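Note sheet for the following structure.
The values are calculated or read from the model by the stated rules, or taken from the named source; none is laboratory data. Since the structure is predicted, the reported quantities are computational estimates derived from the model, not experimental observations. Glycine gets a Cβ as well: all are built from the backbone with ideal geometry, and neighbour counts include every protein chain shown.
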Amino acid sequence: RCQRFDFAGIAGREIEDRLKQIAEAEGIVAEPEAIAILARRAGGSMRDSQSLLEQLLATGAERITAADVNYLLGIAPSARLHRIAKSLAGGDAKTALVELDASITEGAEPGQVLDQLLGFYRDVMAATVGCEPGLFLNAMPDESAEVVQMAQEIGVETVLAAVQILEQASARMRLSFHP
């Protein structure tokens, strides 16, 4: 016999509040954006968010910035990610590749950038069908207007095509021998 427990994820706001408390208790100044990124990337897990914060605290820095968090996680800054997505939506492959290359040069992992793009387009898809910004899982609150604008510009068919292409690219990257 076994007993099953299904645990729900913790709201991002609660995770952010707890991370702020921990940073303050440790005497560390943490940028609000850095805390928000940690909370979002933890995916509803308080333990994961605290583990990520602990890794940052272990560096001994007195200040935690969004750039520190991006570097730790191997992700691209959201502004660069939005430029990539906007370039792709506009059919400007050159700019998209230049931005992608810059992200990787700065330390982002290609697979992580792909996952970020999938998350961004997920939020755009939610916006195209009329969801409120509160239902966005990846976009920061101050980025919701940009997500909604892109949704209005490209429409649901284009978003679905982009998601399909990105998912196929992700699957192919895992099997590729060429980094």
Assigned to a helix (DSSP H, G or I) and over 25 Å from residue 124 (Cβ atoms), is that true of residue 3?
-> no
Among the numbered conditions (1) closer than 22 Å to residue 40 by Cα; (2) among the aliphatic types (A, V, I, L, M); (3) modelled with pLDDT under 90, tell me where residue 173 comes up short.
-> (1)
Which residues, counting only those in region 108-120, are over 20 Å from residue 34 (Cβ atoms) and surrounded by 14 or more Cβ atoms within 10 Å (Cβ to Cβ)?
-> 110, 114, 117, 118
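Residue-wise test of (1) farther than 30 Å from residue 19 by Cα; (2) hydrophobic (A, V, I, L, M, F, W, C); (3) under 16 Å from the mean Cα position of the chain (by Cα).
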| position | (1), (2), (3) |
| --- | --- |
| 70 | no, no, yes |
| 74 | no, no, yes |
| 87 | yes, no, no |
| 93 | yes, yes, no |
| 98 | yes, yes, no |
| 101 | yes, no, no |
| 117 | no, yes, yes |
| 131 | no, yes, no |
| 137 | no, yes, yes |
What number of residues within region 1-17 satisfy the criterion of being in contact with a helix residue (DSSP H, G or I) (Cβ under 7 Å, 6 or more places away or on another chain) and surrounded by fewer than 17 Cβ atoms within 10 Å (Cβ to Cβ)?
-> 0
